[in-house]
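These notes concern the structure reproduced below.
The values are calculated or read from the model by the stated rules, or taken from the named source; none is laboratory data. What you are looking at is a predicted structure, and each value in this text was computed from that prediction instead of being measured. Here the Cβ positions follow ideal geometry from the backbone for every residue, glycine too, while neighbour counts run over all protein chains shown.
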């Protein structure tokens, strides 16, 4: 191959390499943007600073958590199992047990969209903390057989985080049901212990992050404007549901 041909081939290979690198950069940037929270800045909440370290593997505290998990696997009821399974892949409509059967995705499409985004925002902050601690799930112990299965890190619980956040936002819309909504949020989180995929301290950690996210969201003017639209939808659907029950 003469010098001119070698130069042409080298130029072609270099061009292809740069193009591939540009594609990778674009893809990474797009993914990072998709994963970032919408309403809050990525540094709005420092879950690592908010939370204490989880118990060390092999510590007495960690073994006591395993004992709690083992006991729950033996004593949980059929209703506990059904509830935990329903919540495994959850959306905000698991709160229908508090608000009523009218509270569903078909009736409340704006609510579905907003609370899905709330879940995405909340998950961003719990995932950052998960990556920091890399706490293994209780399911990694071979002698432990859980009801559910998960692969991500354990601390803090993403389910507990989102359930707490959703509960506090819903309580802002339905202040008369605040206590019941917050209790349901705690139940959803603890059901992950019932299901055997989280330690109790994971749940408490998730509550701390979820509470922080909810408070920050409620301070956001943009979020408040979107929540006002959803509140109007919920009040309308709830009223229609009450009227239908009275007429039946």
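Taken together, 62, 104 contain a single residue that is farther than 26 Å from residue 222 by Cβ, out of contact with any strand residue (DSSP E or B) (no Cβ under 8 Å at 6 or more places or on another chain) and free of Cβ contacts under 8 Å to residues at least 12 places away in the same chain, which is 104. For the stretch 64-89, the candidate set comprises residues that are assigned to a loop (DSSP other than H, G, I, E, B), within 23 Å of the chain's Cα centre (by Cα) and modelled with pLDDT under 95; within that set, the residue that is surrounded by the fewest Cβ atoms within 10 Å (Cβ to Cβ) is 89.
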